[in-house]
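I have placed the structure first, in the form of structure tokens, so that the comments after it can refer back to it.
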């Protein structure tokens with residue numbers, strides 16, 4: 001069957017790499033907390049109760065799409081739309097279209113930022129593949145008014161950062177939960193990673209001050225350890241014990257080529 005995303009695409013390479021997935025969600029955790037529509041994530045209370053658990057479940061949904069054939073991916077997209085519609089019905093209003101676009105643009109952006117932090121500059125062809133893959137996901141979710149061209153996406157992404165982010169009580173509550181689940185030193189590491197990953201606007205709102213002099217060598221050292229096969233023990237140091245059993249879920253069952 002035809003794959004939903006081409007097997008050799010940049011999207012599959014990134015979302016099949018557990019280390020990149022963790023970096024994507026380290027950055028996304030910052031921006032999710034600032035989005036003006038974050039109250040929707042609090043409506044069911046599932047995110048604030050267990051933000052790390054939601055990370056792993058979100059990864060599983062994303063990989064079911066990215067590594068699936070066309071019919072299976074479309075089936076997953078239908079299920080995700082149904083979940084959103086159920087929340088909308090329970091609340092009695094619609095999730096704004098701009099909020100859907102914000103999340104999609106955010107995942108594109110942090111996919112690229114995570115890749116470049118670990119492996120260096122992404123080529124133009126890879127950037128185009130990355131955006132084209134996420135446009136397919138967005139269309140499958142019924143997200144309206146997605147720009148066809150990557151250049152237009154960058155314009156809209158910049159507008160989102162200026163327009164749709166604010167530090168709120170929800171931001172504080174989410175960060176309190178991050179601290180609770182991670183513990184003091186892992187929480188500090190999260191903040192340091194976010195400071196070098198996120199755009200300037202996000203850093204300003206959260207008061208993050210990047211210290212690349214030690215964070216970037218740490219990331220490079222981790223990448224070196226992963227190449228030597230020491231990835232698993234290092235991950236178990238960085239991730240709380242309660243989530244060790246879920247680490248394997250970050251690597252999709254589909255073999256990457």
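The values are calculated or read from the model by the stated rules, or taken from the named source; none is laboratory data. As the structure is a prediction and not an experimental result, all values here were calculated from the model. Here the Cβ positions follow ideal geometry from the backbone for every residue, glycine too, while neighbour counts run over all protein chains shown.
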If residue 145 satisfies all but one of (1) modelled with pLDDT under 90; (2) over 24 Å from residue 95 (Cβ atoms), what's the number of the condition it fails?
(2)
Quick check on this structure: which one of 66, 78, 137 is modelled with pLDDT of 90 or more and exposed (fewer than 14 other Cβ atoms within 10 Å of the Cβ)?
78
Any residue that is assigned to a loop (DSSP other than H, G, I, E, B), in contact (Cβ under 8 Å) with a residue 40 or more places away in the chain, in contact with a helix residue (DSSP H, G or I) (Cβ under 7 Å, 6 or more places away or on another chain) and farther than 21 Å from residue 23 by Cα - is there at least one of those in the stretch 165-188?
yes
Pairs where the first residue, in the stretch 83-97, is without any contact (Cβ under 8 Å) to a residue 24 or more places away in the chain and the second is not in a loop (DSSP other than H, G, I, E, B), C-beta under 6 Å, 6+ apart
94/88
May I ask you to list the residues in the stretch 112-156 that are within 16 Å of residue 4 (Cβ to Cβ) and either assigned to a helix (DSSP H, G or I) or free of Cβ contacts under 8 Å to residues at least 40 places away in the same chain (or both)?
129, 130, 131, 132, 133, 134, 135, 136, 137, 138, 139, 140
Being more than 16 Å from residue 31 (Cβ to Cβ) and either at pLDDT 90 or above or in contact with a strand residue (DSSP E or B) (Cβ under 9 Å, 6 or more places away or on another chain) (or both) is the filter here, so list the residues in the stretch 98-119 that pass it.
115, 116
If you scan the stretch 215-231, which residues turn out to be at pLDDT below 75, in a helix (DSSP H, G or I) and loosely packed, with under 13 Cβ neighbours inside 10 Å?
224, 227
Residue check for residue 64: without any contact (Cβ under 8 Å) to a residue 40 or more places away in the chain, over 30 Å from residue 210 (Cβ atoms) and assigned to a loop (DSSP other than H, G, I, E, B)
no
Does the stretch 87-97 contain at least one residue that is in a helix (DSSP H, G or I), farther than 21 Å from residue 35 by Cα and modelled with pLDDT under 90?
no
Pick from the stretch 232-257 the residues that are part of a loop (DSSP other than H, G, I, E, B) and either over 20 Å from residue 24 (Cβ atoms) or in contact with a strand residue (DSSP E or B) (Cβ under 7 Å, 6 or more places away or on another chain) (or both): which of them is modelled with the lowest pLDDT?
257
Is it the case that some residue within the stretch 161-171 is under 30 Å from residue 244 (Cβ atoms) and buried (at least 19 other Cβ atoms within 10 Å of the Cβ)?
yes
Within the stretch 26-53, of all residues that are surrounded by fewer than 17 Cβ atoms within 10 Å (Cβ to Cβ) and part of a helix (DSSP H, G or I), the one nearest to the chain's Cα centre (by Cα) is 53
Do we find that residue 191 is over 24 Å from residue 34 (Cβ atoms), at pLDDT 75 or above, in a helix (DSSP H, G or I) and out of contact with any strand residue (DSSP E or B) (no Cβ under 6 Å at 6 or more places or on another chain) in this structure?
no
